[in-house]
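> Following this message is one structure expressed as structure tokens.
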Amino acid sequence: MREFLKQAASVKPSARQLAWFDMEMYIFCHFGVNTFTDREWGDGTEPESVFNPSALDCDQWVEAAKAGGFKGIVLTAKHHDGFCLWPSKYTEHSVKNSPFKGDVVKELSDACRRGGIKFGFYLSPWDRNSKYYGTPEYNDYYCNQLTELLTGYGDVFCVWFDGACGEGPNGKKQNYDFPRYVELVRKYQPGAVIFYDYGPDVRWCGNEAGTSRTAEWSVVPSELCYLSEVQTGKGPMADYGKTEFLYNSQDDLGSISKIMYSQGLVFAPAEVDTSIKGREWFWHENRAPHSVEKLFDIYVASVGTNACLNLNVPPNRKGRFDDADVQRLREFKAMLDERFGKEVPADIELVEGSLPLQPKYSIKCASDAIVNYIVIEEDITQGQRVESFVLRRYDEPYANSFCYMGTCIGHKKICVLNNSAKYATKWELCITSARDDVKIKSIKLY
Ligand code: FUL
């Protein structure tokens, strides 16, 4: 077991995953025929003439994303309805036959470059318009479109594959050739992370509500993320049981009790994708954005729980973000700056004699300080190692009382202190279990 846990502790992210983790937040844009038909899933019969943004302004999207602190935008280049936002050579069902005539993918990728943020795209494998869907030719069609997007629009940071697989116009379902799609992305955009429900680089967190699980492991069994690179041997119990029934919305994907049955482990961190308003992805009339407090909770549940946040902001029929959404993004950034803009100075020391797998850190700050958040980061270039930790306060009269119990740390863990704990001035952070020598990158107080 010890040997296997050491292997589990040293499952490492790729350079593209590290760059993605550092972005922390990016914007999702669902835009297409549904924007004009008031639907969430088009059926592929929408005439091209419905797509007609009257004042498309991708620079406005980029400025709004930046004002909210977001580092990139992922655009639905094609949703399930099959309508392409770029003039693809391989179909007539695109912007080229709409009154708009332009190329939204080009407008946005250029605007992102101008604005200094990253560009990514979503290309739905499910296509309810293509006559090829449900036949082997569809995989060629899909790869041709993927190649157009990978080669025509500069650097791409993320290719987002939707796991949805329904029937096409002829009533058939498609077997998607994911290994081939992955190979194409690696060939033309080696720096891009690939999102899909099950990895390879980024996996779905399992819900669209803006939450993640208590223990969000980046290191998970290869049975869950079968397209990711396997970095270990099999678990010590793999000959006696299986983890093959893992599903991405299950509560526990990566604790010791799960990984010990695995055939091998991969590094596949989670993305939390959710919408700035309601549960819908496309623009609809009269939808107010979530409150800024709710967006903050989503931030803590995603970025603060070892995941990245992909926040959907739907462009409207003009081709602009709603003013209310832009305003909310600004307020969100102001709240992040107010809450995390300035560290509370603290003395942090490794407690002498603590064990390598159970290190303790003493944390002290000035007597008049108020600490709302303690933010801990592991050095994930060395892998994800901490299984559990506690924060205890040490000032009288509360000496030795628990104020926070946590599981994973990983890229970033934001511990929200309760009303009484925030007035403490002495704490101890105790790692209570880890898979190998713990490598903490930073402990910060806000
Ligand atoms: C799902 C789709 O069916 C939704 O329309 C949306 O695009 C969401 C992000 O992924 O699978």
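The values are calculated or read from the model by the stated rules, or taken from the named source; none is laboratory data. Because the structure is a prediction, the values reported are computed rather than measured. With ideal geometry, Cβ positions are generated from the backbone for all residues, glycine too; neighbour counts draw on all protein chains shown.
Residues are listed down the side, and each one gets a yes or a no for (1) crowded, with 16+ Cβ neighbours inside 10 Å; (2) touching a residue at least 60 places away in the same chain (Cβ under 8 Å); (3) polar (S, T, N, Q):
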| position | (1), (2), (3) |
| --- | --- |
| PRO356 | no, yes, no |
| SER362 | yes, yes, yes |
| GLU387 | yes, yes, no |
| CYS403 | yes, no, no |
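> Only one of these conditions is not met by MET237: (1) under 16 Å from SER10 (Cα atoms); (2) surrounded by fewer than 23 Cβ atoms within 10 Å (Cβ to Cβ). Which number is it?
Failing condition for MET237: (1).
> Using the structure shown, decide if TYR132 is under 18 Å from CYS84 (Cα atoms) and assigned to a loop (DSSP other than H, G, I, E, B).
Values: under 18 Å from CYS84 (Cα atoms): yes; assigned to a loop (DSSP other than H, G, I, E, B): yes.
So TYR132 passes the test.
> Only one of these is out of contact with any Ser or Thr (no Cβ under 8 Å at 6 or more places or on another chain), in contact (Cβ under 8 Å) with a residue 24 or more places away in the chain, of a type outside the set (Asp, Glu) and within 19 Å of ARG213 (Cα to Cα): SER302, SER275. Name it. Outline the logic, then answer.
Values: SER302 fails: out of contact with any Ser or Thr (no Cβ under 8 Å at 6 or more places or on another chain).
It is SER275.
> If GLU167 satisfies all but one of (1) within 15 Å of the ligand (Cβ to nearest atom); (2) of a type in the set (Asp, Glu); (3) more than 23 Å from PRO47 (Cβ to Cβ), what's the number of the condition it fails?
Status for GLU167: all satisfied but (3).
> Could we say that LYS106 is buried (at least 22 other Cβ atoms within 10 Å of the Cβ) and within 16 Å of ASP155 (Cβ to Cβ) here? Break it down into steps so the answer makes sense when it comes.
Numbers: buried (at least 22 other Cβ atoms within 10 Å of the Cβ): no; within 16 Å of ASP155 (Cβ to Cβ): yes.
So LYS106 fails the test.
> Looking at LYS173, LYS118 in this structure, which one is within 16 Å of the ligand (Cβ to nearest atom), modelled with pLDDT of 95 or more and among the basic types (Lys, Arg)? Can you show your working first?
Working: LYS118 fails: within 16 Å of the ligand (Cβ to nearest atom).
So the residue among LYS173, LYS118 that is within 16 Å of the ligand (Cβ to nearest atom), modelled with pLDDT of 95 or more and among the basic types (Lys, Arg) is LYS173.
> Using beta carbons and a limit of 9 Å, which pairs, at least six apart or on different chains, have the first residue in the stretch 32-51 and at positive phi and the second one exposed (fewer than 15 other Cβ atoms within 10 Å of the Cβ)?
ASP38/GLU285
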